Amino acid sequence: MNGTTKVAKATSNGHLNHEQPPLDHDLHNGWGTLYSANAIKNDERTRLVWEDYAKNPARVEGQYHKLLNEYTTRFASFFGGYWPITFHAHVSDVLIPTTLASLILNTASTCPLVVEDPKLSPLLKDDPEPEKVHQFVRDLLGWTDVHISAPKLATVQGIYGCAFGPLAHSSEEWEYQIIGAGPAPFSITRDDFASEDILLEKLRTAKEQGCVTVICDLVNASDGSIFPPEHYRMLRICCTKARIFLLVDEAMTAIRCGAPWVCQRPEYSENPDLQPDLIAFGKGMGVSGIALNFNGMMMRHLAYTKREQILQTIRFWRSMVTRPIAIPVLLEAMAIVNVAEAEEWPARSEKIGRAFREFILRHAGGEGQGKEIVRGIGAFIAVDREFSKRFRVMAAFRRKSSWARWLPKLDTPAFVDSDEIERYLLGPDAKELRRALASEAEEQGTTPLWCCICGIDAAVVDDWCRTCFLGYCGTEDCKKGFESHTCL
Ligand SMILES: [Zn+2]
Ligand SMILES: [Zn+2]
């Protein structure tokens with residue numbers, strides 16, 4: 001047992017006698033958007049700026065570019081050379097073919113091969129020749145008219161997809177499918193991985209049809225299944241041969257799956273030549289966007305070698321959009337990276353993953369034999385949906401999936417120890433802890449946030465469970481499921 005874990009004692013009026021409970025059973029955390037509720041509080045650098053911002057916003061606005069640059073370099077240092085360039089509210093906003101094509105065009109048009117060539121560079125020539133630059137860039141990327149006028153994305157089957165836009169066509173959920181719009185993504189199926197020749201042929205076709213990027217995720221965000229490392233290697237090699245950029249969607253996996261990108265785990269990164277070109281990030285990072293890896297195999301063709309060259313292309317892109325990210329969001333995002341580094345969240349994620357798996361398998365006993373009960377990597381834990389019920393936790397579900405996703409906060413001390421999880425989630429201290437949460441909620445006029453049956457926002461219902469601190473969304477189905485739960 002972890003001797004440093006603080007123990008919460010509920011006082012006579014039901015309040016916890018310290019600010020943070022040793023753990024809570026909210027393993028939903030806004031679909032994984034919360035790594036921690038305390039990033040700004042625990043990061044002195046951003047907390048001081050935050051306090052200053054509350055008193056004197058104009059003074060902090062004056063430091064906008066300084067803060068944005070600080071975030072950019074902190075991010076690149078924490079993630080080992082992946083540079084955040086474009087920012088968006090949601091990751092669906094950025095996984096749009098035209099946005100990605102423009103971003104690649106910007107990165108190529110401002111690469112050293114262009115800006116340092118006196119015959120091409122708009123910076124070095126008195127009479128810029130944009131047509132010439134454009135033609136050079138098209139040749140460099142191997143793009144034709146179709147990549148410019150009707151760019152497409154290729155996705156590897158089983159990808160989580162997007163809430164809207166072209167990628168929603170390939171969603172597993174019909175609610176997303178029916179609002180999919182734009183050219184359907186080019187689909188790469190599991191069968192295409194039968195051999196390198198087959199996959200390469202497929203990617204060459206994708207490229208001809210206008211695909212500018214292949215998107216994959218390494219841990220399926222819906223059911224926790226893993227993209228086999230040997231498939232990843234084959235995909236990276238074939239993308240390079242077909243001259244297509246490779247993007248790994250890390251919205252769910254960044255930091256939560258160790259490394260700090262899941263693609264930096266040893267099983268994916270053994271060969272340093274096989275890195276992706278782009279990463280999509282979001283959710284727990286506090287802001288969504290794309291990070292560029294200038295060591296990616298396609299990105300290397302653009303010949304960025306110096307830090308100043310990289311900062312310059314980032315500046316060019318950001319100068320097209322006014323204030324790419326607002327100050328409060330920027331500060332929160334920066335605090336998250338700072339605290340993740342100071343508290344070693346990637347390593348903690350591994351420990352949390354181990355502790356939860358130990359706890360789950362202990363409870364599964366015989367059931368764990370021969371049946372897959374738990375999936376995922378690190379602190380992304382997918383649990384058999386039926387089996388998950390017995391823990392009376394709030395989890396994130398996809399409607400059709402038979403898996404419940406447990407996405408614990410990364411800074412909760414008790415989560416790194418399976419005995420502590422036992423004790424506070426189901427054991428002797430569980431009831432006391434939940435009673436304290438319930439009485440705090442009653443005082444605040446709030447209710448449990450997530451439907452314990454389907455995972456969507458819980459409705460404000462009167463009959464939520466004060467013993468287990470669980471609520472439901474108000475539909476008949478979930479009401480039935482909720483009413484049939486046995487209390488702790
Ligand atoms: Zn529900
Ligand atoms: Zn109950």
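Every number in this text was worked out from the coordinates using simple rules, so none of it is lab data. Since the model is a prediction, treat every value here as computed from it, not as a measurement. Using ideal geometry, Cβ is built from the backbone for each residue, glycine included, and neighbour counts are taken over all protein chains shown.
Of all aspartates and glutamates in the structure, the ones whose alpha carbon falls short of 18 Å from that of residue 479, not counting any fewer than 8 places away in one chain, are 386, 457, 462, 463.
For segment 329-451, the number of Lys pairs separated by eight or more positions or lying on different chains, with C-alpha atoms closer than 18 Å, is 4. The dipole here belongs to the chain: it is taken about the Cα centre, uses +1 on the Cβ of Lys and Arg and -1 on the Cβ of Asp and Glu, and is about 240 debye.
Between the listed residues 468, 356, 378, the Cα displaced farthest toward the positive end of the dipole of segment 346-484, a dipole computed from Cβ unit charges relative to the Cα centre, is found at 378. Subtracting the Cα-Cα distance of residue 65 and residue 307 from 0.36 nm times their residue separation leaves 85.4 nm of extension gain.
Which FRET efficiency value, to the nearest 0.05, is calculated for residue 42 and residue 127 with the Förster distance at 51 angstrom and r the Cβ-Cβ distance? Here the calculated transfer efficiency is 0.40. Dipole size of segment 346-484 about its Cα centre, with +1 on Lys/Arg Cβ and -1 on Asp/Glu Cβ: approximately 540 debye, rounded to the nearest 20. Taking 7 Å along the Cα-to-C-beta vector as the label spot, tell me the residue 457-residue 431 distance in nanometres, rounded to one decimal. My value for the distance between the label points is 3.4 nm. Annotation: lysines with alpha-carbon distance below 30 angstrom to residue 132 (same-chain offsets under eight excluded): 119, 152, 207, 241, 306.
Between residue 466 and residue 226, the C-beta separation translates, for a Förster distance of 51 Å, into a calculated FRET efficiency of about 0.85.
A straight line joining the Cα centroids of segment 258-288 and segment 30-75 runs 24 Å. Along the charge dipole of the chain, pointing to its positive end and built from +1/-1 on Cβ of Lys, Arg, Asp and Glu, which listed residue (229, 329, 77) has its Cα farthest out? Result: 77, furthest along the dipole toward the positive end.
Toward the positive end of the charge dipole of the chain, with +1 on the Cβ of Lys and Arg and -1 on the Cβ of Asp and Glu, the farthest Cα among 118, 166, 199 is that of 118. A simple charge model with +1 on the Cβ of Lys and Arg, -1 on the Cβ of Asp and Glu and nothing else charged puts the dipole of segment 390-440 at about 620 debye relative to its Cα centre. Between residue 196 and residue 241, residue separation times 0.36 nm minus the direct Cα-Cα distance comes to 15.1 nm.
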